[in-house]
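Colleague: Mind having a look at this structure? Questions to follow.
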Amino acid sequence: MARAMWKGAIQFGLVTIPVKLYLATESKGISFNMLHKTDLSRIQMKVWCPVEDEPISRSDTVKGYEHSPGEYVVITDEDLENVPLKTVRSIEIEQFTKAERDDAAVRFVKSAYYLEPDKVGRKAFHLLKAVLEEEGLTAICKVVIKDREALAALDPLGDTMLMTTLHWPDEIRSVGELDLGDESYEFKPAELKMAQQLVAAMTGEFDPAQYKDEYREALETIIQAKVEGKETVAVEAPEESGKLIDLMAALEASVNAAKAARDTSNKKPVSVSDAKAAKARGTAAASKAKAEAAAVEAEDEAPAKSARKRKTA
């Protein structure tokens, strides 16, 4: 069973709901060990004390805050437990807002957590969940996790609720740092219509089960091939980008490819990879049909050519 990584309570008004937090996600990335290049032995990262000039155990380390150059104050776990904040052991709801919030500052999600209510708080937990569902609301709250206070959003999710921690507004960089240019563009009605058709062909219900980490799978294949002593296959270089393109021609080809892919996938939304595959199939089929038509035409003309040759002879 999953292990709770935080215990506390939801607080709103005078209502207290004891809950536990469980990480809603887990990393599936592939990790590597650092090896010595010459003998492939696994190297060790030692914690080194420069004063005693020798390695020390991690258990001999403490947290230190540098309050002035070279001067530190030690912070213990007990100090962190005694931080004078209500949110150290509670999810303090600050306000409720419409679930379709437009504030860019709360769109940058950090982490997601499932909530599990204690038995004594289940009725209040599900009451809060029901109200959020019926009113289409999100609870904006604050909570301390791993020595840091976080801004968070609380939303109904199936039989439980999901808490997503958010970046503070001053942590979000301004888009003013980007070189977005100052040009203004006017689109032809045909371009807009074609783009709308492409978007429509690729629109549908989001089904997470349709997606997978293809990079991780490819990396696992390469690793397995190395383990088995096989040679790995080089990946084709991607097409060069940055070239000027005929926008209308590209849109039209994309729409046709998307429609073809959608027709063969039971009207499901079309991904970019599906559209490319459909385009490749369409191009191959067109080339084959063209070749077959040329062959038939050649066969039809053969008797006529023979007759002309006999006549001239």
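Read-outs: derived from the displayed coordinates by stated rules, not from any lab. Just so you know, these numbers come straight off a predicted model, no measurement behind them. Glycine also receives a Cβ, built like all others from the backbone with ideal geometry; neighbour counts cover every protein chain displayed.
Colleague: Of the cross-linked pairs LYS20/LYS123; LYS98/LYS142; LYS28/LYS212; LYS119/LYS146; LYS193/LYS259, which ones have a Cα-Cα span greater than 20 Å in the structure shown?
Modeller: Cα-Cα > 20 Å for LYS119/LYS146; rest within.
Colleague: What does the charge count near ALA24 come to, summing +1 for each Lys or Arg and -1 for each Asp or Glu among other residues with Cβ under 13 Å from its Cβ?
Modeller: The answer is -1.
Colleague: Per q in 0.16, 0.26 Å⁻¹, report the Debye log10 I(q)/I(0) for the range 1-76, using one uniform scatterer on each alpha carbon and no solvent.
Modeller: The computed values of log10 I(q)/I(0) come out as -1.01, -1.15.
Colleague: For GLN196 and ALA99 in one chain, what is 0.36 nm times their gap in residues minus the Cα-Cα distance, to one decimal in nm?
Modeller: Gain on extension, GLN196 to ALA99, equals 32.2 nm.
Colleague: Further, regarding this structure: Given a Förster radius of 41 Å and the C-beta distance between GLU78 and HIS167 as r, what FRET efficiency does 1/(1 + (r/R0)^6) yield to the nearest 0.05?
Modeller: Computed FRET efficiency for GLU78 and HIS167 comes out at 0.90.
Colleague: Spin-label point model (7 Å from Cα, Cβ direction): what's the ALA124 to LYS63 distance in nm?
Modeller: Between ALA124 and LYS63, the simple spin-label model gives 2.8 nm.
Colleague: Moving on to the next point. With a cut-off of at most 10 other beta carbons within 10 Å, and DSSP calling the residue loop, which trypsin sites (Lys or Arg not before Pro) in the range 143-179 qualify? Please list them.
Modeller: LYS146, ARG173
Colleague: Return the loop-located GluC sites (Glu not before Pro) in the range 138-190 (DSSP other than H, G, I, E, B) with at most 13 other Cβ atoms within 10 Å of their own Cβ; answer none if there are none.
Modeller: Answer in residue order: GLU183, GLU186.
Colleague: Could you list the trypsin sites (Lys or Arg not before Pro) in the range 1-84 that lie in coil according to DSSP, counting only those with at most 11 other Cβ atoms within 10 Å of their Cβ?
Modeller: When the trypsin sites (Lys or Arg not before Pro) of the range 1-84 are filtered for loop state and at most 11 Cβ neighbours within 10 Å, ARG3, LYS28, LYS37, LYS46 remain.
Colleague: What does the charge add up to near PRO156, with Lys and Arg as +1, Asp and Glu as -1, over the other residues with Cβ less than 10 Å from its Cβ?
Modeller: Taking every Cβ under 10 Å from that of PRO156, the sum is -3.
Colleague: Can you compute the modelled spin-label distance between PHE32 and LYS46, with each label point 7 Å from Cα toward Cβ, in nm?
Modeller: A separation of 2.5 nm, rounded to one decimal place.
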